[in-house]
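Visitor: One structure coming up, written as structure tokens, with questions to follow.
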Amino acid sequence: MPPNTDSKAPTSRNDVLFERAKRVIPGGVNSPVRAFKAVGGTPRFVQRAQGAYFWDADGQRYIDYIGSWGPMILGHGHPAVLEAVQKAALDGFSFGAPTEREVDLAEEIIKLVPSIEMIRLVSSGTEAAMSALRLARGATGRSKIIKFEGCYHGHADALLVKAGSGLATFGNPTSAGVPPEVVQHTLVLEYNNLAQLEEAFTLHGKELACLMIEPIAGNMNFVRASVPFMKRCRELCTQYGALLVFDEVMTGFRVALGGAQSVYAQLIPGFEPDMTVMGKVIGGGMPLAAFGAKKDVMQQLAPLGPVYQAGTLSGNPVATACGLATLRELQKPGFYEALGARTQSLVAGLTQAAAKAGVHFCGDSQGGMFGFFLLGQLPQNYATVMTTDSPAFNKFFHAMLDNGVYYAPALYEAGFVSAAHTAADIEETVDAAARFFSTR
Ligand code: KE4
């Protein structure tokens, strides 16, 4: 297939499929970010994927830096994972009854994430975060929670909230259909803002069930919680009896084998969260997520305790096979060292190419997760991220897309490198970026 030099090519099957899709699915997609609304143009309809690549409806190949928004850390179609899924499917798709493999997966995650003593498997990150929130409230008997602007924890009502007019007032809904009273207990603070954190706990600490945070915020591209900030989150939650809930749906097994909490534990002696929400990588691309904590908290859950939570497909036998096979591959010696080095080489290459062309660009990465900004320095919060020149980002996005490089179609999303990405893929990506930067 000749390269798709014009992403708005009228003859593209992507256009035809998108028009068809929009007649029967809202916006033509089953999740909003896929619609390219932020960047414009036509979404690529994936026909198949293998390793670091996928091919769209026109047969055009792309180097994939989304990887299903994180799950495909091994690359698409890893043979060991494929074999495990095929074998599991032959034994049955779903039973609504316990299976040994759920226990195997629970034991594997607990082995790798020491802060977790017990875990409950569910089917999506939203479900895991929603359940974790209910459990935190049930376990503490408190209603109020803290989250941070720019952090996304799925689309449960209580978490679709933006900052109120001040710390004395609570959040306002970010979505229609969420009654104000549902978010009246949610306080939204600025990420990395120590003064706001201190004030919020002084005002409301004794009423707080939990503080929920993305430890490395991949939903505002790539923003790290500073060590002093994270240390203070831990100290204040301990002081006031609120649970520190790490949303590691994106960072879990992505930034390190022990997740982001293992990165902070190296910087803050003895650090660990009280509860962890996971997803994406633990399912290896199949619908599987989880939330875990110490036994005394988790045993508040039905059928043992008063906090109800359930799911028809929770711990699905095919999804657990996919997740387990993925986690076993991640534990092979040198996996994260190689993945981290490959990701760093991408960010370094892009940074050098931009600098050579005099373009404002900065990036960061941890393990197989990266972010970049068309800014002079790494932002510390959402407001700064959003100062990015979005038309410039959109031009960059489409220039890369037209050169067969598929980044997230939104400037506030992180990127992902898999174990299947080669040095040649990184070089091809950097060369395409350098060509774009030279036109700036
Ligand atoms: P899901 O319900 O989409 O499985 O997970 C929700 C969620 C929870 N927590 C974090 C930190 C997340 O990043 C997510 C979902 N991430 C988005 C990408 N930013 C998924 C892509 C999408 O919404 O289509």
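Visitor: Could you please let me know if residue 396 is of a type in the set (Phe, Trp, Tyr), outside any helix (DSSP H, G or I) and in contact (Cβ under 8 Å) with a residue 12 or more places away in the chain?
Guide: In short, no.
Visitor: Tell me, please, whether a residue that is in a strand (DSSP E or B), in contact (Cβ under 8 Å) with a residue 60 or more places away in the chain and under 16 Å from residue 326 (Cβ atoms) can be found in region 76-84.
Guide: Scanning region 76-84, I find at least one residue that is in a strand (DSSP E or B), in contact (Cβ under 8 Å) with a residue 60 or more places away in the chain and under 16 Å from residue 326 (Cβ atoms), so the answer is yes.
Visitor: Do you know which of the residues in region 48-72 that are of a type in the set (A, V, I, L, M, F, W, C), in contact (Cβ under 8 Å) with a residue 12 or more places away in the chain and in contact with a Lys or Arg (Cβ under 8 Å, 6 or more places away or on another chain) is nearest to the ligand (Cβ to nearest atom)?
Guide: 69
The rows are residues; the columns are (1) within 15 Å of the ligand (Cβ to nearest atom); (2) part of a loop (DSSP other than H, G, I, E, B).
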position: 114; (1), (2): no, yes
position: 126; (1), (2): yes, no
position: 164; (1), (2): no, yes
position: 177; (1), (2): no, yes
position: 197; (1), (2): no, no
position: 205; (1), (2): no, no
position: 210; (1), (2): yes, no
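Visitor: Right, here's the next one. On the basis of being among the aromatic types (Phe, Trp, Tyr), at pLDDT below 95 and either within 16 Å of the ligand (Cβ to nearest atom) or buried (at least 17 other Cβ atoms within 10 Å of the Cβ) (or both), does residue 412 make the cut?
Guide: Judged against the criteria, residue 412 is a match.
Visitor: Still on this structure: How many residues are over 22 Å from residue 391 (Cβ atoms), within 12 Å of the ligand (Cβ to nearest atom) and surrounded by 12 or more Cβ atoms within 10 Å (Cβ to Cβ) when one looks only at region 18-47?
Guide: So the count comes out to 1.
Here's the yes/no breakdown for (1) crowded, with 16+ Cβ neighbours inside 10 Å; (2) at pLDDT below 95; (3) hydroxyl-bearing (Ser, Thr, Tyr):
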{"site": "142", "(1), (2), (3)": "yes, no, no"}
{"site": "175", "(1), (2), (3)": "no, yes, yes"}
{"site": "203", "(1), (2), (3)": "no, no, no"}
{"site": "209", "(1), (2), (3)": "yes, no, no"}
{"site": "218", "(1), (2), (3)": "yes, no, no"}
{"site": "231", "(1), (2), (3)": "yes, no, no"}
{"site": "241", "(1), (2), (3)": "no, no, no"}
{"site": "249", "(1), (2), (3)": "yes, no, no"}
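Visitor: Identify all residues within region 316-371 that are under 20 Å from the mean Cα position of the chain (by Cα) and of a type in the set (Ser, Thr, Tyr); write none if there are none.
Guide: 320, 326, 336, 343, 365
Visitor: Go through (1) more than 26 Å from residue 69 (Cα to Cα); (2) more than 16 Å from the ligand (Cβ to nearest atom) one by one and return the number of the condition residue 173 breaks.
Guide: Only one criterion in (1) more than 26 Å from residue 69 (Cα to Cα); (2) more than 16 Å from the ligand (Cβ to nearest atom) is unmet by residue 173, namely (1).
Visitor: Would you be able to say whether some residue in region 85-105 is surrounded by fewer than 19 Cβ atoms within 10 Å (Cβ to Cβ), within 16 Å of the ligand (Cβ to nearest atom) and either in a strand (DSSP E or B) or of a type in the set (Val, Ile, Thr) (or both)?
Guide: No: region 85-105 contains no residue that is surrounded by fewer than 19 Cβ atoms within 10 Å (Cβ to Cβ), within 16 Å of the ligand (Cβ to nearest atom) and either in a strand (DSSP E or B) or of a type in the set (Val, Ile, Thr) (or both).
Visitor: Is one or more of the residues making up region 282-289 more than 26 Å from residue 121 (Cα to Cα) and within 10 Å of the ligand (Cβ to nearest atom)?
Guide: The answer is no, given that none of the residues of region 282-289 is more than 26 Å from residue 121 (Cα to Cα) and within 10 Å of the ligand (Cβ to nearest atom).
Visitor: Would you confirm, using the coordinates I've provided, whether residue 160 is crowded, with 20+ Cβ neighbours inside 10 Å and either among the aliphatic types (A, V, I, L, M) or under 19 Å from the mean Cα position of the chain (by Cα) (or both)?
Guide: yes
Visitor: On to the next question. When you scan region 407-429, do you find a residue that is touching a strand residue (DSSP E or B) at 6+ places or on another chain (Cβ under 7 Å) and charged (D, E, K, R), even just one?
Guide: Yes, that holds for at least one residue.
Visitor: When you scan region 253-269, do you find a residue that is within 13 Å of the ligand (Cβ to nearest atom) and of a type in the set (Ser, Thr, Tyr), even just one?
Guide: Scanning region 253-269, I find no residue that is within 13 Å of the ligand (Cβ to nearest atom) and of a type in the set (Ser, Thr, Tyr), so the answer is no.
Visitor: Related question: Would you mind finding the one in 349, 404, 363, 358 that is touching a Pro at 6+ places or on another chain (Cβ under 8 Å), away from the ligand (no atom under 16 Å from the Cβ) and small (Gly, Ala, Ser)?
Guide: 404
Visitor: With respect to residue 119, determine if the residue is at pLDDT 95 or above, over 25 Å from residue 97 (Cβ atoms) and in a strand (DSSP E or B).
Guide: Here the answer is no, as residue 119 does not meet what is asked.
Visitor: For region 85-120, how many residues are under 24 Å from residue 53 (Cβ atoms) and either among the polar types (S, T, N, Q) or without any contact (Cβ under 8 Å) to a residue 12 or more places away in the chain (or both)?
Guide: 1
Visitor: It is to be established whether one or more residues within region 5-17 are within 16 Å of the ligand (Cβ to nearest atom) and either modelled with pLDDT of 95 or more or in contact with a Lys or Arg (Cβ under 8 Å, 6 or more places away or on another chain) (or both).
Guide: no
Visitor: Out of region 130-150, which residues are closer than 15 Å to residue 297 by Cβ and in a helix (DSSP H, G or I)?
Guide: 131, 132, 133, 134, 135, 136, 137, 138, 139, 140
The values are calculated or read from the model by the stated rules, or taken from the named source; none is laboratory data. For clarity, every value in this text was computed on a predicted model and none was experimentally measured. Positions of Cβ are generated from backbone atoms using ideal geometry, with glycine treated the same way; all protein chains shown enter the neighbour counts.
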